[in-house]
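Colleague: Dropping the structure in here first, questions after.
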Amino acid sequence: MHIMIDLLPKLEKRAGADGSSREGGCQCSHHPGGEAQGWGKNRVRSAAEAGWPNNKHALRILQDFSNEPGSNLTSHSLEKRVSAADRGAAHGRMRGGREQHKALIEESSSVPAHRASRLSALFAHPLYKTQCPPLTDDDTLFNVNTDIKFYPRTTGQGWHHEEGNGEEDEFSPTAEGTAETYPNWLRFHIGINRYELYPRHSTVLEALLKDLVSQRITSVAMKSGGTQLKLIMTFQNYGQALFKPMKQTREQQTPPDFFYFSDFERHNAEIAAFHLDRILDFRRVPPVAGRLVNMTREIRDVTRDKKLWRTFFISPANNVCFYGECSYYCSTEHALCGKPDQIEGSLAAFLPDLTLAKRKTWRNPWRRSYHKRKKAEWEVDPDYCDEVKQTPPYDRGTRLLDVMDMTIFDFLMGNMDRHHYETFEKFGNYSFIIHLDNGRGFGKHSHDEVSILVPLSQCCRVRKSTYLRLQLLAKEDYSLSSLMEESLLQDRLSPVLIQPHLKALDRRLGLVLQVLDGCIDKEGFSSVVEEDLIEATAMSPGYR
C-alpha cells in the first residue's frame, strides 16, 4: 500500500499540526464475466443484438489533492525567445571556476560526421560511464536467498514471496540457478537498487521492452482511482503493465484554455518520457513501450471486469469502442475507439508489489494549487525555497537535488502535473525519486511553461553530473532532439513525437541552462553546482 508522508512539518507549525499518514493503492478487479467469444467478428450487429448491456500555505501544501478540484495557475509564455547565438554565448561563458569543468565536457565530445549512432556515442561519453558505489544488502531492493521463493500470480501486482513449500510454479532466485532463467520482469525487479531502477547498459531492459509489446495478454482490469481510464494488463509470463490508451493524435496540442489538471493523459508522452529520462541518465522512469492492441481479442475477450466489459459498444462508423469508469473522460462522448478494433497505447512495466517493496508517497513542495482561482504559495513568495531548504527531508542529503532533477525533466516535457512523487521506503531519504505518471507531458510544443522552472530559479541548486550532462546535450553533436528522435525510433509506435515537440526540447534545454547561468552569476559556481552527494553519503557510516 502507498504510505502518504507529511513532508513539511516545519511549515505546519503555525497551524500546530505535525503530519498524518494515508494509505492508498492499486487494486485489480478480477470478477468472473459472461463475455462471449468471437464478438469482434460480428461488429456489424447493433449493441443490442450483440447482447451488450446498455489553513496557511503549509496546510494547503499538505492537504490531500483529491479534495481540490483544480487550479488556475497562469501560464507564462517566454516573451523573449533565446536565439541560438545567444544561447551559445550564454553557455560559453565560464565564470567563477567553470573553466575547470569545460575540459570534461569537450573531451571525447566530438562525434564523427558519419557516425552510425549519436545515441551510442552519447552512452560512450565519460559522463555516462560513472559507476555506482559497491552495493551492500542495504542498497538492493531485494535480498534474495534460499529461504525465499517467488510464486507467480495472475492477480495482484505480479508476484509475492513466501517461505516454505508451495505447489505452484515457482521462480527460486538462488545460487543454484542463473538470472537468465527468471522472467524479465522479475529480473528487472531484482536489479533495482538505491541508485537506479536499471543499469545504463542493461540487457534485461531491452528484453523487458520486447516483452511489453509481444507477450500474450491474459487478463485486463481497470486501475482503481485516477482521473482517467487506465488498464492493468497481465501477461502470459505473469508480468504486469499499466496500459494508457491513445486519446489524441500526435499533432493535437492541449487547447490554450485547458487547465493542466483537465488535460488528457497522452500515451506517447509516457513513451517519450521514458526515453528522455534515459538520455538524461536519470533512469528513474520504469520501462515503457508502445503497443498496438486488439480491443476485442486482447481487452474485451480476456477481461473479467464486468464494469469494463459493459462499456464496450459499436460506433456508428462500425468501430469497436469502450470507455470504462473514471473521474473524467469516461463516457460515450469520450469513448476510446479502434480502427476498427486496433488501438495504440503505452505499456509501463509494473514496479514490485507494494507488499514486497513499500513506497512512500511525498507531496511535491512546488505542487500547484489545483484550484481555478487560487495560487500556490511558491507562486507568490519568491523566498519560498528558503523555507523548504530548512524542512526535512530537504535540509540534508540528496532530496532537494532530486527535486531539481525532476523539475528539469518536467520542464523539458512541459509537464505541470507533478503533485506527488514516490521513493522506495527501504532506502530512506538517500535514494532517487521515481519519475512516475508522465502522461500530461508533451502537450504543447509551441509554448514553454517557464513556471515549471520556479523550483530551480528559487533554489539555484543542481547536481554537478546533471549540469555537465545538460551542457553536453546542448552541443550540436549531441543535440537532445536528435538523440530523442533516434531513441524513439526503437519504439513500435514510432514516430512517437512529431518534429515540433523534438525541436522544443532543444529550445527548453537552452532555457534551463540560461536559468542556471543566471544562478551562477548571482551566487557563484560552487554554491550552485553541487558535487553528487549520493556516492559520498552512501559510504559514510550512520548515513541511514
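The values are calculated or read from the model by the stated rules, or taken from the named source; none is laboratory data. No experiment lies behind these values; they were computed from the predicted model shown. Cβ atoms come from the backbone with ideal geometry, glycine included; neighbour counts cover every protein chain shown. For the accessible areas, the whole protein counts, side chains as well, though only heavy atoms, and no ligand, DNA or RNA atoms are used. Shrake-Rupley method; radii C 1.70, N 1.55, O 1.52, S 1.80 Å.
Colleague: Looking at (1) within 20 Å of the chain's Cα centre (by Cα); (2) of a type in the set (A, V, I, L, M, F, W, C); (3) open to solvent by 30 Å² or more (accessible area, probe 1.4 Å), can you tell me which one Phe411 breaks?
Modeller: Going through the list (1) within 20 Å of the chain's Cα centre (by Cα); (2) of a type in the set (A, V, I, L, M, F, W, C); (3) open to solvent by 30 Å² or more (accessible area, probe 1.4 Å), Phe411 breaks only (3).
Colleague: Hey, among Val388, Val403, which residue is in contact with a Pro (Cβ under 7 Å, 6 or more places away or on another chain), among the β-branched types (Val, Ile, Thr), modelled with pLDDT of 95 or more and more than 27 Å from Pro287 (Cβ to Cβ)?
Modeller: Step by step, each of Val388, Val403 is checked, and only Val388 is in contact with a Pro (Cβ under 7 Å, 6 or more places away or on another chain), among the β-branched types (Val, Ile, Thr), modelled with pLDDT of 95 or more and more than 27 Å from Pro287 (Cβ to Cβ).
Colleague: Another question about this same structure. Please go through (1) open to solvent by less than 10 Å² (accessible area, probe 1.4 Å); (2) not in a loop (DSSP other than H, G, I, E, B) for Phe442 and return the number of the only condition it doesn't satisfy.
Modeller: Against the list (1) open to solvent by less than 10 Å² (accessible area, probe 1.4 Å); (2) not in a loop (DSSP other than H, G, I, E, B), Phe442 comes up short only on (2).
Colleague: Hey, another quick one. When you scan region 188-202, how many residues do you find that are under 17 Å from Gly239 (Cα atoms) and modelled with pLDDT under 95?
Modeller: 2
Colleague: Picking from Asp477, Asp521, Asp517, which residue would you name as being of a type in the set (D, E, K, R), open to solvent by 10 Å² or more (accessible area, probe 1.4 Å), modelled with pLDDT of 95 or more and in a helix (DSSP H, G or I)?
Modeller: One residue alone meets the criteria, Asp521.
Colleague: With the requirement that a residue be open to solvent by less than 10 Å² (accessible area, probe 1.4 Å) and either hydroxyl-bearing (Ser, Thr, Tyr) or assigned to a loop (DSSP other than H, G, I, E, B) (or both), what does region 335-350 give you?
Modeller: Once the filter is applied, which keeps residues that are open to solvent by less than 10 Å² (accessible area, probe 1.4 Å) and either hydroxyl-bearing (Ser, Thr, Tyr) or assigned to a loop (DSSP other than H, G, I, E, B) (or both), region 335-350 yields Gly338, Ser346.
Colleague: Could you list, in sequence order, the residues of region 366-376 that are over 18 Å from the mean Cα position of the chain (by Cα) and either surrounded by fewer than 19 Cβ atoms within 10 Å (Cβ to Cβ) or closer than 18 Å to Leu401 by Cα (or both)?
Modeller: Scanning region 366-376 gives His371, Lys372, Arg373, Lys374, Lys375.
Colleague: Restricting attention to region 282-309, which residues are among the charged types (D, E, K, R) and open to solvent by less than 10 Å² (accessible area, probe 1.4 Å)?
Modeller: Arg300, Asp305
Colleague: Can you say whether Glu170 is farther than 30 Å from Thr296 by Cα and modelled with pLDDT of 95 or more, as far as the supplied structure shows?
Modeller: no
Colleague: Could you grab me the full set of residues in region 422-439 that are crowded, with 22+ Cβ neighbours inside 10 Å and either within 20 Å of Gln228 (Cα to Cα) or of a type in the set (A, V, I, L, M) (or both)?
Modeller: Scanning region 422-439 gives His435, Asp437, Asn438, Gly439.
Colleague: Filtering region 380-408 down to residues that are assigned to a helix (DSSP H, G or I) and more than 25 Å from the chain's Cα centre (by Cα), which residue is surrounded by the most Cβ atoms within 10 Å (Cβ to Cβ)?
Modeller: By that ranking, first place goes to Tyr384.
Colleague: What number of residues within region 351-361 satisfy the criterion of being assigned to a strand (DSSP E or B) and touching a helix residue (DSSP H, G or I) at 6+ places or on another chain (Cβ under 9 Å)?
Modeller: So the answer is 2.
Colleague: Right, another one. Please tell me if Leu212 is modelled with pLDDT of 95 or more and in contact with a Pro (Cβ under 8 Å, 6 or more places away or on another chain).
Modeller: So Leu212 passes the test.
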